[in-house]
Amino acid sequence: MSGAKLGAIVMTALLALYVVLVGARAIQFVQTGEPVAIAMGVALIVLPVIAVWAIWRELSFGIRSQRLVRRLEGEGALDLGIPARPSGRADRDAADAAFGRFRAEVEAEPDSWRAWLRLGLAYDAAGDRRRARRAVRRAIELDRSGEPDQH
C-alpha cells in the first residue's frame with residue numbers, strides 16, 4: 001500500500017472518529033437554545049461536512065487518475081521516456097527537457113485524455129504539482145465525457 005493511500009485511509013478514519021465524537025456534542029449545543037451555543041453546534045456540524053467533501057474529492061481524484069494511468073499502462077503508452085534517479089524520482093532536468101513534447105501532443109490532440117494525462121505526468125515529473133493536477137483533472141473530464149479520442 002502506498003503512503004498516499006495509507007494517508008487517505010488514516011485521514012478518513014480520523015474524520016469518522018471526529019464526526020462520531022463531536023456530533024453528539026454539536027446536537028447538545030443546538031438543543032440548549034442559546035444563540036452562541038447554537039452557532040457553535042452548527043459549526044461543529046458544518047465543518048465535518050466540508051471535510052468529508054474535501055476528502056471525497058481527493059479520494060475520487062486519486063481513484064480516477066490511477067484508473068487512467070493503469071489504462072495507459074495497459075496500452076503500452078505510459079513510458080514518458082524520462083529517466084529516473086537512483087531514488088526512483090524522475091530526473092527533473094530530463095523532465096524539463098522532454099516537457100515540450102507533451103505540451104505539443106496536447107496542442108495537436110486537445111480532446112485526448114491520453115495526451116492530457118501524459119502532460120500531467122510530465123508536469124509531476126518536473127515538480128509542478130499544481131499544473132500536474134490540473135492536466136490530470138482535464139484527462140479525467142475528457143474520459144468521463146466520452147470525448148472522441150483518436151487513439
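The values are calculated or read from the model by the stated rules, or taken from the named source; none is laboratory data. Everything numeric here is computed off the predicted structure, so don't read it as measured data. Cβ placement follows ideal geometry from the backbone for every residue including glycine, while neighbour counts extend to all protein chains displayed.
Quick check: is even one residue across region 86-99 over 10 Å from A125 (Cα atoms), in contact with a helix residue (DSSP H, G or I) (Cβ under 9 Å, 6 or more places away or on another chain) and exposed (fewer than 14 other Cβ atoms within 10 Å of the Cβ)?
The answer is no, given that none of the residues of region 86-99 is over 10 Å from A125 (Cα atoms), in contact with a helix residue (DSSP H, G or I) (Cβ under 9 Å, 6 or more places away or on another chain) and exposed (fewer than 14 other Cβ atoms within 10 Å of the Cβ).
Please work out if I55 is outside the structural domain of Q28 (by TED's automatic domain parsing), part of a helix (DSSP H, G or I) and within 15 Å of the chain's Cα centre (by Cα).
no
List the number of the failed condition for A132; all other conditions in (1) within 19 Å of I63 (Cα to Cα); (2) of a type outside the set (D, E, K, R); (3) touching an Asp or Glu at 6+ places or on another chain (Cβ under 7 Å); (4) crowded, with 21+ Cβ neighbours inside 10 Å hold.
Checking A132 against (1) within 19 Å of I63 (Cα to Cα); (2) of a type outside the set (D, E, K, R); (3) touching an Asp or Glu at 6+ places or on another chain (Cβ under 7 Å); (4) crowded, with 21+ Cβ neighbours inside 10 Å, the one that fails is (4).
When you go through I38, I50, I63, I45 one by one, which is the residue that is over 30 Å from A24 (Cα atoms), assigned to a helix (DSSP H, G or I) and of a type in the set (V, I, T)?
I63
For D96, state whether it is of a type in the set (D, E, K, R) and not in a helix (DSSP H, G or I).
no
Restricting to region 66-89, name every residue that is farther than 14 Å from L119 by Cβ and outside any helix (DSSP H, G or I).
E75, G76, D79, P83, A84, R85, P86, S87, G88, R89
How many residues does region 15-33 contain that are among the hydrophobic types (A, V, I, L, M, F, W, C) and exposed (fewer than 12 other Cβ atoms within 10 Å of the Cβ)?
Summing the residues that are among the hydrophobic types (A, V, I, L, M, F, W, C) and exposed (fewer than 12 other Cβ atoms within 10 Å of the Cβ) in region 15-33 gives 4.
Please tell me if L121 is assigned to a loop (DSSP other than H, G, I, E, B), surrounded by 15 or more Cβ atoms within 10 Å (Cβ to Cβ) and in contact (Cβ under 8 Å) with a residue 24 or more places away in the chain.
no
Quick test for you: out of G3, G7, G81, G33, pick the one residue that is farther than 30 Å from A97 by Cα, among the small types (G, A, S) and modelled with pLDDT under 85.
Being farther than 30 Å from A97 by Cα, among the small types (G, A, S) and modelled with pLDDT under 85 holds for just one of G3, G7, G81, G33, which is G7.
Based on what the data block shows, is A77 surrounded by fewer than 15 Cβ atoms within 10 Å (Cβ to Cβ) and in contact with a helix residue (DSSP H, G or I) (Cβ under 7 Å, 6 or more places away or on another chain)?
Taking the combined requirement at face value, the residue satisfies it.
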